[in-house]
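The numbers here are math on the coordinates, done by the rules we state, and not lab data. What you are looking at is a predicted structure, and each value in this text was computed from that prediction instead of being measured. Here the Cβ positions follow ideal geometry from the backbone for every residue, glycine too, while neighbour counts run over all protein chains shown.
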Amino acid sequence: MVRFIVVLISLLLIVSCASDDSLNLADINSPTTVNSVDDLPKPTLSNNDIAKRKAIVVIGESASGQSQYNALASARGVAQKNLLSIFNGVKINADAIINKGELTKDDVNLIVNGHIRSLDCGAYFDRTQGIGYYCVQMVLKKKY
């Protein structure tokens, strides 16, 4: 009997939350899809741009020839990496091997590490080339 009451109360709670017009789960974490890459917000390239917008805006671009999901997912990852590298900087590791005066191996690795909280500000998928473009921004709360 107690289980029945708990299940009934749970169902009533779920139904009452689902009927609330202010709860729209489809809009949560879904980027604004635009009609062309030119409709995406322009990235902030200077301190003056950042001060005007009170946000840092970056665009990520995927490799060509991908499905829409893969292209947009990789473009989002590139954009987030670019945003993170602005805040935390980039660590560069370089290894070079010189054998008898000749360069035989030269590896350069860029490492970006950290956590960010960004907002999605637009996405575009070019169907002809299979390239995804993704915009993320970080709103600055303090005066820049």
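Modelled this way, with points 7 Å down the Cα-to-C-beta line, the labels at Val37 and Ala94 are 3.1 nm from one another.
Per-residue packing, averaged as other Cβ atoms within 10 Å, sorts the ranges 63-71, 130-138, 103-111, 50-58 into the order 130-138, 50-58, 63-71, 103-111, beginning with the highest. Volume of the convex hull of the stretch 32-139 (Cα atoms only), normalised per residue: 140 Å³. Any idea which of Gly60, Asn99, Ile86 is furthest toward the positive side of the dipole for the stretch 32-139, if Lys and Arg beta-carbons carry +1 and Asp and Glu beta-carbons -1? About the Cα centre, the residue reaching furthest to the positive side is Ile86.
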